[in-house]
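K.L.:
Mind looking over this structure? Questions follow.
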Amino acid sequence: MRWWLPDAGSTFAGPIDTMFLAILILTGIALVLVEVGVVTFVIRYRARPGRKAFYTHGSTRAEVIWTAIPAVTMVALGLVSNHYWVLIKDKKSVPPNAYHIGVHAKQFEWQITYPGPDGKLGTSDDFTVRNQLHVPVNEPVAAELSSEDVIHSFFVPEWRLKQDAVPGMHIIAWFQATKTGEFELGCAELCGMGHYKMRARVFVHTPEEFKAWLTQQAAAQGAGGGGSE
Ligand SMILES: [Cu+2]
């Protein structure tokens, strides 16, 4: 049983984890201060034999302070995290050399389309595999997300990347894996009765392995095969 975050497996993991930790510490401090305050006041101003509980309408000065500090903290967090939001989510941030693949979500599976030998998505040599996502390590990949039916969400915890796939929309989620191995792509949006089993295996390959896999798949498709399951 893991008690902390999944292994860091993409270039986004470092900054996202740092931000997560900063927010956890700040909210942790706030939690302790508030709870200590509540308990202290409850004990100190409680009713006792011969004395009524102390009652106050409040203090404007205290209210201004405890509103201003969280407000300033929130704005500061927003400003600090904006850089990473733009880096990860902005349409213009997708690296021009990214390897584009199609990720089509439907109840309840992932259909991953590869550009085939010509390296271009949307041509006749494209091929599709079900519930398997193969990508090369240390190379930017752009997943072109679409959905067949309802909203699904593309989520690979090790990459710290989560993006909705919305019917009628074409959304690109890019990432660069930094760790080879096998991971899991889960659907992170409740999408129906089979949501719990909507997942794909993720394989992050070395460039050579990836090339070999692509060649083998393309050949199998050319020979009339249906891709590997
Ligand atoms: Cu789903």
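The values are calculated or read from the model by the stated rules, or taken from the named source; none is laboratory data. All of these numbers come straight from a predicted model, not from anything done at the bench. Neighbour counts are summed over all protein chains in view; Cβ atoms, including those assigned to glycine, are modelled from backbone coordinates with ideal geometry. Remember, those area values only see protein heavy atoms, side chains included, never the ligands or the DNA or RNA. Shrake-Rupley method; radii C 1.70, N 1.55, O 1.52, S 1.80 Å.
K.L.:
Give the residues of the stretch 84-143 that are over 19 Å from the mean Cα position of the chain (by Cα) and loosely packed, with under 13 Cβ neighbours inside 10 Å, sorted by residue number.
P.N.:
Passing the criteria: PRO96, ASN97, ASP118, GLY119, LYS120, GLY122, THR123, SER124.
K.L.:
Then there's this: State the number of residues belonging to the stretch 124-145 that are touching a strand residue (DSSP E or B) at 6+ places or on another chain (Cβ under 9 Å) and either within 13 Å of the ligand (Cβ to nearest atom) or not in a strand (DSSP E or B) (or both). Please lay out each step first, then the result.
P.N.:
First, pick out the residues of the stretch 124-145 that are touching a strand residue (DSSP E or B) at 6+ places or on another chain (Cβ under 9 Å): 126-145.
Then keep just the ones that are either within 13 Å of the ligand (Cβ to nearest atom) or not in a strand (DSSP E or B) (or both); that gives 126, 131, 137-139, 145.
Selection size over the stretch 124-145: 6.
Condition check ((1) among the aliphatic types (A, V, I, L, M); (2) open to solvent by 40 Å² or more (accessible area, probe 1.4 Å)) across all residues:
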| position | (1), (2) |
| --- | --- |
| ILE151 | yes, yes |
| PHE155 | no, yes |
| ASP164 | no, yes |
| HIS170 | no, yes |
| LEU185 | yes, no |
| LEU190 | yes, yes |
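K.L.:
Next question, about the same structure. Could you look through the stretch 1-44, keep only residues that are open to solvent by 80 Å² or more (accessible area, probe 1.4 Å) and aromatic (Phe, Trp, Tyr), and pick out the one that is farthest from GLU184 (Cα to Cα)?
P.N.:
So the residue we want is PHE41.
K.L.:
Could you say whether any residue in the stretch 97-107 is within 16 Å of the ligand (Cβ to nearest atom), in contact with a Cys (Cβ under 8 Å, 6 or more places away or on another chain) and not hydroxyl-bearing (Ser, Thr, Tyr)?
P.N.:
Yes, the conditions are met somewhere in the stretch 97-107.
K.L.:
Under 7 Å between Cβ atoms, at least 6 apart or on separate chains: pull out the pairs that start in the stretch 148-163 with a residue that is free of Cβ contacts under 8 Å to residues at least 60 places away in the same chain and end on any residue that is within 9 Å of the ligand (Cβ to nearest atom) and of a type in the set (Val, Ile, Thr).
P.N.:
none
K.L.:
Would a scan of the stretch 82-89 turn up a residue that is farther than 13 Å from ALA173 by Cβ and touching a residue at least 40 places away in the same chain (Cβ under 8 Å)?
P.N.:
yes
K.L.:
Could you tell me which of the residues THR206, THR178 is surrounded by 17 or more Cβ atoms within 10 Å (Cβ to Cβ) and among the hydroxyl-bearing types (Ser, Thr, Tyr)?
P.N.:
Numbers: THR206 fails: surrounded by 17 or more Cβ atoms within 10 Å (Cβ to Cβ).
So the residue among THR206, THR178 that is surrounded by 17 or more Cβ atoms within 10 Å (Cβ to Cβ) and among the hydroxyl-bearing types (Ser, Thr, Tyr) is THR178.
K.L.:
While we're on this one: Only one of ALA219, ALA212, ALA165 is within 16 Å of the ligand (Cβ to nearest atom) and among the small types (Gly, Ala, Ser); which?
P.N.:
ALA165
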